[in-house]
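The values are calculated or read from the model by the stated rules, or taken from the named source; none is laboratory data. In this text, all values refer to a predicted model and were calculated from it rather than measured experimentally. Here the Cβ positions follow ideal geometry from the backbone for every residue, glycine too, while neighbour counts run over all protein chains shown.
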Amino acid sequence: MKAFVRCEDDWLTKSGEKWQNDDYTVYITRYEDRRKWGAMTKLMIVGRKGDGHRWSDMQAIKNHFCGEENEGVQFFPPQSEVRDFGDGYHVFVFDDPEMRTRIGFGAKK
C-alpha cells in the first residue's frame, strides 16, 4: 500500500485529521473516553476509486494509524441514526492494545 500524506482540513475534519493516498482517504477522530470502552480512535475510510475496498487494505490502514495489536470494529448504526456521506467505512479502534470486544477470533467461549 502506498504511503499516506496529511491533507488540508475540509468539512469532515473539524474534529480530527485527514490522510490520503492514491486509493483511500482516511478521516481520523480521537475520543478520550467512550464510557466503558475507554479511549478510542475512529477511522472513516473512503475509497477513492469507486471500486470498493479489500479487507487486507482495511486491516493495513488500521495497523498503520492505530497499531497492529489494537482491536477495531466496523460500525453499522441503527437505520434511524444513519448519516450516509458516501462510501465511508467507520472503524472504531481501541487505543489500549489490551482491550478486546470478546467477539473476535481470540474470544474465549
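Within region 73-109, the residues that satisfy the criterion of being in a loop (DSSP other than H, G, I, E, B), more than 25 Å from T25 (Cβ to Cβ), free of Cβ contacts under 8 Å to residues at least 40 places away in the same chain and not basic (K, R) are P78, P97, E98, T101, I103, G104, F105, G106, A107.
Taken over region 11-29, the residue count meeting the criterion of being within 12 Å of T41 (Cα to Cα), at pLDDT 90 or above and not β-branched (V, I, T) is 2.
Taken together, K18, K36, K49, K14 contain a single residue that is charged (D, E, K, R), part of a helix (DSSP H, G or I) and without any contact (Cβ under 8 Å) to a residue 40 or more places away in the chain, which is K36.
Only one of the listed residues (R30, R54, R100) is of a type in the set (K, R), surrounded by 10 or more Cβ atoms within 10 Å (Cβ to Cβ) and under 11 Å from the mean Cα position of the chain (by Cα). That residue is R30.
Considering N70, N63, the condition of being assigned to a loop (DSSP other than H, G, I, E, B), closer than 21 Å to M1 by Cβ, modelled with pLDDT of 95 or more and polar (S, T, N, Q) is satisfied by N70 alone.
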